[in-house]
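Undergrad: This is the structure I want to talk about, given as structure tokens.
The values are calculated or read from the model by the stated rules, or taken from the named source; none is laboratory data. Computed from a predicted structure; not experimentally measured. A quick note on method: Cβ atoms are made from the backbone with ideal geometry, for glycine too, and the neighbour counts reach across all protein chains shown.
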Amino acid sequence: MDIVDILAEVDADSIPKETRDLQELTRAWVAERVAPELLPYPDSLIERVLERIRKQIELVEEQTGNMDPRTNFKLIIIQTELERFKFLVRSFLRARIKKIDAHPLHISNLHSLSPLLSTSEYQYLTQHQALLSQHYASSFLSQFPAGLQRLDDTTGGTSMIDKPDEDTAVFVRALRDVGVINVEGTDRSFEVKRGDVRVVRWSAVRRSVLAGDLELI
Amino acid sequence: MYGDIGNKLVQHAKRTQSLAHLPPYQTEMVRAVTREVRDLDKDVAAILEPFAGSFNPSTEPATACALLVNHLCMRRNKRCLLAYHRVRSDKLEEMCWSGIDVLERQAQQQSNKAGGDGSALMGANGSSSSLSPEEEEYVRQYSDLLAAYKGQWTDIDLTGSLEPPKDLFIDVRVLKDAGEIQTEYGAITLTKNSQFYVRQGDVERLIAQGYLQRLS
């Protein structure tokens, strides 16, 4: 352990929890918008953030009657912060819904292997899928020969289950020393140190990103 | 020819992607492609019939080839149909998210048409809707689903603006009379052509609906 590690540890503890949550939320938001696949749902983080948003709304409601210019000014700051928090959560959830809508079957398969979605997202996915297949069926599919009515057919050379492109390039910044990363399928490999910024295939860095060693930017 | 209509349908879908509104549903084409698939399926059955279940592709390459072509055409037609419907349903979903009431707009368009075209076209009105009945049903159910999902995030307002908020208060000009709204600073009466300095969160809905215009 050298001095950098010690400093890093002290840093992490001295930051208040609220700030760390904001940092985590921002990170999750950026990552979700950049990563080609759906990332696991940060259950406890979102819950904490929502709890805090609710408390702030209550506070604002309580203090609105107050005409003292000083509290009024404070309220404006709180409300501005509140709007920004809401925006982060909203944009984060919308980015997820967009991915869920784009690759529903693929994501639902992955979700059954290891949880990826929140309960309500899963509900949304299954119901949306049911609606879509019902729509297709009533529009034309019900008149098709029985062998061709499936929506998740993988025979015949073309799989009907669409997948995101896992080899898209992403920008990553190293939060810790990661060591050597091999890019699969090529003979390229490189070492990543703390603070480095790289453009890499998503598939090569996925594991380090999920472990929190790298952040997407 | 095989797959011709399917191709047309895909071209239609491609065009739809770059349009702001939804062009009329191609009922005829969809039916024609479906019919083609059924005919092809019958052909396949007819070709296979004399073999009574013991068809061996390597001894009859010509027949095997015909079968393959038929099968591929059916699959292709299916893909074309799926793509066409998916593009349209995506578009409808987008409208649901942005708060446009698709069904109401449909009804309005129809009544406008009825008024403008006179009585000559009145009879054809039922089919002039650009949505198929299935799509209307789909929109109705999807809005319910969206409302249900949104309802779990009451504090966030999922369909709100996706632009990062800069200012808490903004200048707006009223484009259409919107009546009185309640804000925490009291009630404001929104009359046409007046300007206000209001909290963005209070009027976001009205901006999206076209009652207010944001002044920068």
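Undergrad: Looking only at the stretch B:167-216, filter to residues that are outside any strand (DSSP E or B) and of a type in the set (A, V, I, L, M, F, W, C); which one of those is nearest to the chain's Cα centre (by Cα)? Give the steps one after another, and end with the answer.
TA: Residues of the stretch B:167-216 outside any strand (DSSP E or B): B:167-168, B:175-178, B:184-185, B:191-194, B:200-211, B:216.
Going one step further and asking which of them are of a type in the set (A, V, I, L, M, F, W, C), we end up with B:168, B:175, B:178, B:203, B:206-208.
Working: B:168: 34, B:175: 28, B:178: 28, B:203: 27, B:206: 23, B:207: 23, B:208: 19 Å.
Looking at residues that are outside any strand (DSSP E or B) and of a type in the set (A, V, I, L, M, F, W, C), I get B:208.
Undergrad: Here's another thing I want to ask about it. Would you confirm, using the coordinates I've provided, whether residue B:143 is at pLDDT below 75 and under 29 Å from residue B:23 (Cβ atoms)? Spell out how you get there, then give the answer.
TA: Working: at pLDDT below 75: no; under 29 Å from residue B:23 (Cβ atoms): yes.
In short, no.
Undergrad: Out of A:101, A:165, which single residue is in a loop (DSSP other than H, G, I, E, B), in contact (Cβ under 8 Å) with a residue 12 or more places away in the chain and within 30 Å of residue B:71 (Cα to Cα)?
TA: Working: A:101 fails: in a loop (DSSP other than H, G, I, E, B).
Answer to the selection: A:165.
Undergrad: Report yes if some residue within the stretch B:152-166 is at the interface with chain A (Cβ under 8 Å from one of its Cβ atoms), of a type in the set (Ser, Thr, Tyr) and under 20 Å from the mean Cα position of the chain (by Cα); otherwise report no.
TA: No, there is no match, as no residue in the stretch B:152-166 is at the interface with chain A (Cβ under 8 Å from one of its Cβ atoms), of a type in the set (Ser, Thr, Tyr) and under 20 Å from the mean Cα position of the chain (by Cα).
Undergrad: Could you look through the stretch A:79-98, keep only residues that are more than 7 Å from chain B (Cβ to nearest Cβ) and in contact (Cβ under 8 Å) with a residue 24 or more places away in the chain, and pick out the one that is nearest to residue B:146 (Cα to Cα)? Reasoning before the result, please.
TA: At the first step, the residues of the stretch A:79-98 found to be more than 7 Å from chain B (Cβ to nearest Cβ) are A:81-82, A:85, A:88, A:92, A:95-98.
Applying the additional criterion that residues be in contact (Cβ under 8 Å) with a residue 24 or more places away in the chain yields A:81-82, A:85, A:88, A:92, A:95-97.
On the way: A:81: 27, A:82: 24, A:85: 22, A:88: 20, A:92: 16, A:95: 15, A:96: 14, A:97: 11 Å.
If we take residues in the stretch A:79-98 being more than 7 Å from chain B (Cβ to nearest Cβ) and in contact (Cβ under 8 Å) with a residue 24 or more places away in the chain, then A:97 is nearest to residue B:146 (Cα to Cα).
Undergrad: Name the one entry in B:67, B:103 that is within 14 Å of chain A (Cβ to nearest Cβ), assigned to a helix (DSSP H, G or I) and either touching a His at 6+ places or on another chain (Cβ under 6 Å) or at negative phi (or both).
TA: Values: B:103 fails: within 14 Å of chain A (Cβ to nearest Cβ).
From the options B:67, B:103, the qualifying one is B:67.
Undergrad: Still on this structure: Determine which single condition residue A:41 fails, assuming it passes every other condition in (1) outside any loop (DSSP other than H, G, I, E, B); (2) touching a residue at least 12 places away in the same chain (Cβ under 8 Å); (3) not polar (S, T, N, Q).
TA: So residue A:41 meets the others, but not (1).
Undergrad: Still on this structure, please answer the following. Just a yes or no: is a residue in the stretch A:100-121 of a type in the set (S, T, N, Q) and either more than 26 Å from the chain's Cα centre (by Cα) or closer than 26 Å to residue B:163 by Cα (or both)?
TA: The first filter runs over the stretch A:100-121 and keeps only residues of a type in the set (S, T, N, Q), leaving A:108-109, A:112, A:114, A:118-120.
From what's left, either more than 26 Å from the chain's Cα centre (by Cα) or closer than 26 Å to residue B:163 by Cα (or both): A:118, A:120.
The answer is yes, given that some residue of the stretch A:100-121 is of a type in the set (S, T, N, Q) and either more than 26 Å from the chain's Cα centre (by Cα) or closer than 26 Å to residue B:163 by Cα (or both).
Undergrad: Which of the residues belonging to the stretch B:159-175 are at pLDDT 85 or above and basic (Lys, Arg)?
TA: Hit for the stretch B:159-175 is B:173, nothing else.
Undergrad: In addition: With respect to residue A:143, determine if the residue is more than 24 Å from residue A:34 (Cβ to Cβ) and at pLDDT 90 or above. Walk me through it before giving the result.
TA: On the way: more than 24 Å from residue A:34 (Cβ to Cβ): yes; at pLDDT 90 or above: no.
No: the conditions fail for residue A:143.
Undergrad: Report yes if residue A:107 is exposed (fewer than 15 other Cβ atoms within 10 Å of the Cβ), out of contact with any Phe, Trp or Tyr (no Cβ under 7 Å at 6 or more places or on another chain) and either at the interface with chain B (Cβ under 9 Å from one of its Cβ atoms) or of a type outside the set (Phe, Trp, Tyr) (or both), otherwise no. Let's see the steps before the verdict.
TA: Details: exposed (fewer than 15 other Cβ atoms within 10 Å of the Cβ): no; out of contact with any Phe, Trp or Tyr (no Cβ under 7 Å at 6 or more places or on another chain): yes; either at the interface with chain B (Cβ under 9 Å from one of its Cβ atoms) or of a type outside the set (Phe, Trp, Tyr) (or both): yes.
Spelling it out, it is not the case that residue A:107 is exposed (fewer than 15 other Cβ atoms within 10 Å of the Cβ), out of contact with any Phe, Trp or Tyr (no Cβ under 7 Å at 6 or more places or on another chain) and either at the interface with chain B (Cβ under 9 Å from one of its Cβ atoms) or of a type outside the set (Phe, Trp, Tyr) (or both).
Undergrad: Does residue A:127 count as more than 30 Å from residue B:67 (Cα to Cα), buried (at least 16 other Cβ atoms within 10 Å of the Cβ), at pLDDT 85 or above and within 14 Å of another protein chain (Cβ to nearest Cβ)?
TA: Working: more than 30 Å from residue B:67 (Cα to Cα): yes; buried (at least 16 other Cβ atoms within 10 Å of the Cβ): yes; at pLDDT 85 or above: yes; within 14 Å of another protein chain (Cβ to nearest Cβ): yes.
The answer is yes for residue A:127.
Undergrad: Before we move on, is residue B:45 away from chain A (no Cβ under 11 Å) and out of contact with any helix residue (DSSP H, G or I) (no Cβ under 6 Å at 6 or more places or on another chain)? Write out each step before concluding.
TA: Details: away from chain A (no Cβ under 11 Å): no; out of contact with any helix residue (DSSP H, G or I) (no Cβ under 6 Å at 6 or more places or on another chain): yes.
No, not satisfied.
Undergrad: Still on this structure, I have one more. Is it true that residue A:64 is touching an Asp or Glu at 6+ places or on another chain (Cβ under 6 Å), within 8 Å of chain B (Cβ to nearest Cβ) and either in contact (Cβ under 8 Å) with a residue 60 or more places away in the chain or not acidic (Asp, Glu) (or both)?
TA: On the way: touching an Asp or Glu at 6+ places or on another chain (Cβ under 6 Å): yes; within 8 Å of chain B (Cβ to nearest Cβ): yes; either in contact (Cβ under 8 Å) with a residue 60 or more places away in the chain or not acidic (Asp, Glu) (or both): yes.
Spelling it out, residue A:64 is indeed touching an Asp or Glu at 6+ places or on another chain (Cβ under 6 Å), within 8 Å of chain B (Cβ to nearest Cβ) and either in contact (Cβ under 8 Å) with a residue 60 or more places away in the chain or not acidic (Asp, Glu) (or both).
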